1. Select from region 104-138 the residues that are farther than 18 Å from residue 93 by Cα and assigned to a helix (DSSP H, G or I) and list them in ascending order.
2. For the list (1) surrounded by fewer than 10 Cβ atoms within 10 Å (Cβ to Cβ); (2) out of contact with any strand residue (DSSP E or B) (no Cβ under 6 Å at 6 or more places or on another chain); (3) at pLDDT 80 or above, I need the number of the one condition that residue 71 fails.
3. Within region 27-53, can you find the residues that are surrounded by 10 or more Cβ atoms within 10 Å (Cβ to Cβ) and either assigned to a loop (DSSP other than H, G, I, E, B) or at pLDDT below 80 (or both)?
4. Take region 81-103 and flag every residue that is in a helix (DSSP H, G or I) and more than 34 Å from the chain's Cα centre (by Cα).
5. Restricting attention to region 11-25, and to residues there that are in a loop (DSSP other than H, G, I, E, B) and surrounded by 11 or more Cβ atoms within 10 Å (Cβ to Cβ), which single residue is modelled with the highest pLDDT?
6. Might you check whether a residue that is touching a helix residue (DSSP H, G or I) at 6+ places or on another chain (Cβ under 7 Å), loosely packed, with under 14 Cβ neighbours inside 10 Å and at pLDDT 90 or above occurs anywhere in region 125-135?
């Protein structure tokens, strides 16, 4: 029985071998290069249902619930933003495709007449649609 007492009080050591691997144990290869690790054994490491502190438990549960609600609202907002971004992406892709496929592009004036765009205006619109695609279609 007396032989087991020193084993129970043996420390835990940390050391690094020649290959750079870190080891932990109660019998290091070399006591000069090993570091003894102090292991805490107190039971005050957190709040549990058996801790007896009802107010602290209720406070933590309230905080957790608030965080869940905030996360849900954040996800809902992100989904709405994603939907809006996708709609803009589809718009710019559609406009770009119709612009490229047509030989001539025109605008309609308020009185209903067609106004055909010049090559420079067509190039500017193509560039605008390309920028929109780059911005919203990620």
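The values are calculated or read from the model by the stated rules, or taken from the named source; none is laboratory data. If you're wondering where the values come from, they're calculated on a predicted model, not measured in any experiment. For neighbour counting, all protein chains shown are included, and Cβ atoms are generated from backbone atoms with ideal geometry for every residue, glycine included.
1. Of everything in region 104-138, those that are farther than 18 Å from residue 93 by Cα and assigned to a helix (DSSP H, G or I) turn out to be 119, 120, 121.
2. It is condition (1) that residue 71 fails.
3. Of everything in region 27-53, those that are surrounded by 10 or more Cβ atoms within 10 Å (Cβ to Cβ) and either assigned to a loop (DSSP other than H, G, I, E, B) or at pLDDT below 80 (or both) turn out to be 28, 29, 31, 33, 34, 47, 48, 51, 53.
4. 97, 98, 99, 100, 101
5. Only one residue tops the list, namely 17.
6. Within region 125-135, one or more residues are touching a helix residue (DSSP H, G or I) at 6+ places or on another chain (Cβ under 7 Å), loosely packed, with under 14 Cβ neighbours inside 10 Å and at pLDDT 90 or above.
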